[in-house]
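Below: the structure, in structure tokens.
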Amino acid sequence: MTNAPATDRSLRRAVDWLLREQSTEGWWSGELETNVTMTAEHVLLFRFLGLPHDEFAAGAIGHMLRHQRSDGSWTLYYDGPADLSTTIEAYVALKVLGVDPARDEMRKALHVILQQGGVAKARVFTKIWLALFGVYPWSGVPSLPPELVYFPLWMPFNLYDFACWARGTVAPLTIVVSKRPVRELGVDVSEIIAPGTEKDMHRVTGSRHWLMYVERLQKLYERLPVQPSRDDARRRVAQWIVERQEADGSWGGIQPPWVYSLIALNLMGYGVDHPVMRKGIEGMRRFIIDERGDWRFQACMSPVWDTAWAVRALAIAGFDESHPAMQRAVAWILREQIPDDAPGDWRMKCKETRGNGWAFEFDNDAYPDIDDTTIVVLALLEGGERKAIADSVDRARRWTLAMDSRNGAWAAFDRDNTRELLYRMPFSDFGAMIDPPTEDVTAHVLEMLAALGEGASNPAVARGLEYLRGTQKPWGSWYGRWGVNHVYGTWCVISALTALHTGDEMIERAVAWLLQVQNSDGGWGESCHSYADESFAGIGSSTPSQTAWGVLALQLAGRPQHPAVGRGLAYLCERQRSDGTWDEPECTGTGFPRDFYINYHLYRHLFPTMALAMNGRMKGDQATDPEGG
């Protein structure tokens, strides 16, 4: 074991920091950092809508240039390879904001762009942004017919075949792509076209598949002078969009559906002063971070997720429902549960009417998710007063059980959202198009059910366990869909199996793998590259959050005295900052595997705090209330 006084001091400092960070309303919410495309696309959105950049131009320039690498590129994640599309979008946005193209940073960026093939090699979303301003031809952008809005649930490519985040993006894009608008960018960026690729820009590329023939037919249809039912389809899509605007003005609480919905509605005649548009534009202010000349737009926010984990961390540290911080947090969480009669796309495939869950953010009530709901329930059980939470927990349990998929596992937002044919669309070259069941979400459900007194004899639990048994990798780990990656997934599953007191043989294999991949400095780490190449599972520079997941997994698996745990705790103690928290520039959260990653700024704190607190709990220490509780 690591030195006991050292871990005690580290835990106390960590708890002090966490209590200081709680809002007066009871929630926690750390920055959700992604890559510079969020800020670049905000610049392009305002240019398309004719809105001024004056308020944020200097800060946005500072943010993008601060994250540019020495070779001139921008990346999808910390220390990742140069990403062409991210670099193109940043370069164009900087030029729109008036940055001199002769500057060294711009010349280097352009060199990277041309070296990688120019805009013709960019992803579809980047091509769409440039087509909006006439930089890229619409003929080279894959078609997305608005008539998809007519498709029934049983028919492939209906809107509900797409994951909720993709659905909210694809719907407005059917209007955008079918209208093919061109507005003034204000600057010439034709230099991003690599010489010799001009003809390629007019062709839609994709794998050899019958959907390419459908794409060609759609392009022919779009050339017809009359397109029956298209106008009506667009109106229906616009209504679909308006009906899904959240209370804070967003769509789904995430950037892609938000920006494309504003563009689509604007194309349908909604001016920027229309109430729906005005609400959407004003709502973006909440997602902005502006500090020390660094202006950036967050892809989304994570208060429910962050608060639930904070409650769990404090509970492990010995805080109970009598502590004011826990009382404030639990009261806020209970208020955030979505009403049973609230509308939501999940109802298309689930008829449960007597329950609902929690969403990720402050206001995205149309999209409760199973992952948040399960962690919230665990937080309530660990930090709330039983009578006060009973009804909320029961409603959440009922809803979660009703959201299982046919294979006995759980996805994040939908049931049986598994139509892989979507990935053969020429449009589908970026991001996750579907929301299939995953190991980490299923594990969280099983951990919740165990906390509610269910065991392996429960049919839902038994089916979930069978799914996890079938998805364990030959070397012993589990894939992590929503956290990077196998270290995260393995910790999630071990948490579930130990809570259910079952799966010893699976746990043994997982423990052996964790011990094998521990770094020489005592920590654990895994790069986002493991999504592209599975042989990199568990390989990467040590990080505080991933080290905590490794330590927690071994602690829960009955190895609290193992030397590997001691080395992991020592790593956390040695790297803790004087203010009680940790530094972590790496992305250890996942948006879309291989395409979009997240640095949750509270991950670096919450999970190390949990690991240190678990160490104290297993030694029998008392609570670490800084006030002496």
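Give the dimensionless ratio obtained when the Cα radius of gyration of region 484-536 is divided by 2.2 N^0.38 Å.
It is 1.21.
For region 480-616, what is the charge dipole size about the Cα centre, in debye to the nearest 20, if Lys and Arg each add +1 at the Cβ and Asp and Glu each add -1 at the Cβ?
That gives a dipole near 200 debye.
Can you list, bin by bin at 10 Å, the percent of alpha carbon pairs in region 36-116, starting at 0?
20, 55, 23, 2
Which of these values of mean projected area of the Cα convex hull in nm² was calculated from the structure shown: (i) 29.9; (ii) 27.3; (iii) 31.3?
Only one listed value fits the structure, namely (ii).
Hey, what number do you get for the chain at 222 nm if only DSSP H runs of n ≥ 4 count, each worth -39500 (n - 2.57), divided across all residues, to the nearest 500?
My calculation for the chain gives -15000 deg cm²/dmol from helical runs alone.
Rounding to the nearest 10 and keeping the result within 0 to 90°, find how far the Cα-based axis of helix 544-556 lies from the longest principal axis of the chain.
For helix 544-556, the angle is close to 40 degrees.
If neighbour count is taken as other Cβ atoms inside 10 Å, put Met155, Met348, Met301 in order from fewest to most.
Ordered from fewest to most neighbouring Cβ atoms within 10 Å, Met155, Met348, Met301 come out as Met155, Met348, Met301.
Helix 57-66 versus the longest principal axis of the chain: what angle, 0 to 90°, nearest 10, using Cα atoms?
Rounded to the nearest ten degrees, it is 60.
What is the local net charge at Gly408, summed over the other residues whose Cβ is closer than 9 Å to its Cβ (Lys, Arg +1; Asp, Glu -1)?
Computed value for this residue: 0.
Pick out, from Gly525, Ala570, Val551, the residue whose Cα sits farthest towards the positive end of the charge dipole of region 481-580, with +1 on the Cβ of Lys and Arg and -1 on the Cβ of Asp and Glu.
Ala570
Leaving out same-chain residues fewer than 8 places away, which lysines sit with a Cα under 28 Å from that of Lys199?
Lys95, Lys108, Lys121, Lys127, Lys179, Lys219
With the Cα gyration tensor of region 138-289 in hand, convert its eigenvalues to equivalent ellipsoid semi-axes via √(5λ) and list them largest first in whole Å.
They are 27, 22, 15 Å, listed largest first.
Just to confirm a number: summing +1 for Lys and Arg and -1 for Asp and Glu over residues other than Gly384 whose beta-carbon lies under 11 angstrom from that of Gly384, what do you get?
-2
What do you get for Rg/Rh of region 486-629 when both radii come from the Cα atoms and Rh is the Kirkwood radius?
Ratio of gyration radius to Kirkwood radius for region 486-629: 0.97.
Which residue, chosen from Trp28, Cys350, Gln337, occupies the Cα position most advanced towards the positive end of the dipole of the chain, where the dipole is computed from +1 (Lys, Arg) and -1 (Asp, Glu) charges on Cβ about the Cα centre?
The residue sitting farthest along the positive end of the dipole is Cys350.
If you bin every alpha carbon distance in region 327-424 into 10 Å steps from zero, what whole percent lands in each bin?
16, 49, 27, 7, 2, 0
Could you state the angle between the C-alpha long axis of helix 324-336 and the longest principal axis of the C-alpha atoms of the chain, as a value from 0 to 90 degrees rounded to the nearest 10?
40 degrees
Return the tail of the calculated pair distribution for region 229-296, meaning the percent of Cα-Cα pairs more than 20 Å apart.
Of all Cα-Cα distances in region 229-296, 31 percent exceed 20 Å.
Would you mind ranking Cys350, Cys164 by Cβ crowding within 10 Å, fewest neighbours first?
Cys350, Cys164
If we count other beta carbons within 10 Å of each Cβ, what is the order of His202, His323, fewest first?
So the ranking, lowest neighbour count to highest, is His202, His323.
Roughly how many debye, to the nearest 20, is the charge dipole of region 36-116 about its Cα centre, given +1 on each Lys and Arg Cβ, -1 on each Asp and Glu Cβ, and no other charges?
Dipole of region 36-116, to the nearest 20 debye: 140 debye.
Every read-out reported here was derived from the displayed coordinates using simple, explicitly stated rules and does not represent laboratory data. Remember, predicted model here, so these are calculated numbers, not experimental data. In this analysis, Cβ positions are derived from the backbone assuming ideal geometry, glycine residues included, and neighbour counts consider all displayed protein chains.
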